[in-house]
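Note sheet for the following structure.
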Amino acid sequence: MGDRYWLQIKCGGCGTNNPSSKDYKEAPMEYGIYFAPSSGFMDFTCWKCKKKNWIESGYHGRIVDEKELEELYKKNGFEEFED
């Protein structure tokens, strides 16, 4: 089992904090973005603009489309990608 984190990340598109600072401060393990690369949790959908973000090193979001998201998961060893 690898590392796992509950993060607050800005959307790569609209710049909104995901989750909000208030929610993250209140309960990071409930509201935070779950990031566990060894288990295949490497993206999130922005709560405001609804765009998919790939979590980059340095823990920031980058907008991706479905095709790019699938390619990124395959590149990271997850051949059977499911959204």
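The values are calculated or read from the model by the stated rules, or taken from the named source; none is laboratory data. Just so it is clear, the structure is predicted and the values come from calculations on it, not from any experiment. All Cβ positions, glycine included, derive from the backbone under ideal geometry; neighbour counts span all protein chains shown.
Some points to look at:
- Those helices (runs of 4 or more DSSP H) lying entirely in the chain with at least 3 residues surrounded by 11 or more Cβ atoms within 10 Å (Cβ to Cβ) and modelled with pLDDT of 95 or more: 21-26, 66-75
- Scoring LYS52 on the criteria (1) in contact (Cβ under 8 Å) with a residue 24 or more places away in the chain; (2) under 14 Å from the mean Cα position of the chain (by Cα) leaves a single failure, condition (1).
- Those residues of the stretch 20-43 which are touching a Lys or Arg at 6+ places or on another chain (Cβ under 8 Å) and within 13 Å of ILE9 (Cα to Cα), in sequence order: TYR34, PHE35, ASP43
- Residues in the stretch 1-16 that are under 22 Å from SER39 (Cβ atoms) and of a type in the set (Val, Ile, Thr): ILE9 alone.
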